[in-house]
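Q: Handing you a structure now.
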Amino acid sequence: MSSPPRRPGLPAEPAEPAEEFRAFVAGAAPRLLHVAELLTGDRAVARAVLRGALTRTWLSWPALRGGDPYAHARQQLLGGYTRRVPGLWLRARTPRRIRPRGEPTGLAGSAALAGLSARERTVAVLRYFENLDVQATAAALGMQPEQVERLAESAVRAMLPDRAPAAGPRLGLVG
């Protein structure tokens, strides 16, 4: 007996987990790599962090089916990054500045991010590159929303060019 003909546009059967994961990696890895590069400022370190995040995501893949694997992979990426910057979350008052070694080519904003503390940099990447709201950023980092807001404001202030008025002739009445 033969099986009924398959309708166009429908898969013959559900994809295997390995196929699903490969498709996920093909779609998500470029963006996750960019996030890792923004966080670390170093392409080689970013690739290592991403490799670990994707490995941990694969190990959790059966539980992620039907969920949000990108959010899980991003969380794993953040975990890998924080393990590479010792004491990252412990030193709120004396932040460690990350000075990138060998900036990746074409990395927009990397110079501005380089002057931020590791915590400011992480919040800035999640808030302004990943477009997470304050609550989601706080949840991803295990922080209070108020702390995320302060770090985001501090990061923006640090990234803006000096706004002091230029010295020049003043217009007005001389009395």
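Q: Those residues that are assigned to a loop (DSSP other than H, G, I, E, B) and modelled with pLDDT under 95, I need them from segment 132-157; list them, please. Explain how you work it out, then say what you get.
A: Restricting attention to segment 132-157, the residues satisfying the condition of being assigned to a loop (DSSP other than H, G, I, E, B) are 132-133, 142-144.
142, 143 - these are the residues of segment 132-157 that are assigned to a loop (DSSP other than H, G, I, E, B) and modelled with pLDDT under 95.
Q: While we're looking at this one, here's another question. Please find, within segment 53-74, the residue that is modelled with the highest pLDDT out of those that are touching a helix residue (DSSP H, G or I) at 6+ places or on another chain (Cβ under 9 Å) and not in a helix (DSSP H, G or I).
A: The extreme case among them is 60.
Q: Tell me which of these residue 31 doesn't satisfy, since it passes every other one: (1) within 11 Å of the chain's Cα centre (by Cα); (2) buried (at least 17 other Cβ atoms within 10 Å of the Cβ).
A: (2)
Q: Residue 39 fails exactly one of the following numbered conditions: (1) among the aliphatic types (A, V, I, L, M); (2) more than 24 Å from residue 124 (Cα to Cα); (3) at pLDDT below 95. What is the number of that condition?
A: (2) is the only condition that residue 39 fails.
Q: Okay, next question. For segment 6-26, how many residues are loosely packed, with under 10 Cβ neighbours inside 10 Å and either out of contact with any Lys or Arg (no Cβ under 6 Å at 6 or more places or on another chain) or modelled with pLDDT of 95 or more (or both)?
A: Going residue by residue through segment 6-26, those that are loosely packed, with under 10 Cβ neighbours inside 10 Å are 7-14, 16, 26.
From what is left, the residues that are either out of contact with any Lys or Arg (no Cβ under 6 Å at 6 or more places or on another chain) or modelled with pLDDT of 95 or more (or both) are 7-11, 13-14, 16, 26.
Residues that pass the stated criteria total 9.
Q: Considering (1) at pLDDT 95 or above; (2) of a type outside the set (Val, Ile, Thr); (3) within 17 Å of the chain's Cα centre (by Cα), say which one residue 103 fails and leave the rest.
A: (1)
Q: Same structure, new question: Pairs only if they're at least six apart or on different chains, beta carbon under 6 angstrom, first in segment 71-82 and over 16 Å from residue 47 (Cβ atoms) and without any contact (Cβ under 8 Å) to a residue 60 or more places away in the chain, second among the polar types (S, T, N, Q) and crowded, with 21+ Cβ neighbours inside 10 Å; list them, first residue then second.
A: Pairs that qualify, where the first residue is over 16 Å from residue 47 (Cβ atoms) and without any contact (Cβ under 8 Å) to a residue 60 or more places away in the chain and the partner is among the polar types (S, T, N, Q) and crowded, with 21+ Cβ neighbours inside 10 Å, are 72/57.
The values are calculated or read from the model by the stated rules, or taken from the named source; none is laboratory data. Owing to the predicted nature of the structure, the values given are computational and were not obtained by experimental measurement. Here the Cβ is made from the backbone with ideal geometry for all residues, glycine too, and neighbour counts use every protein chain on show.
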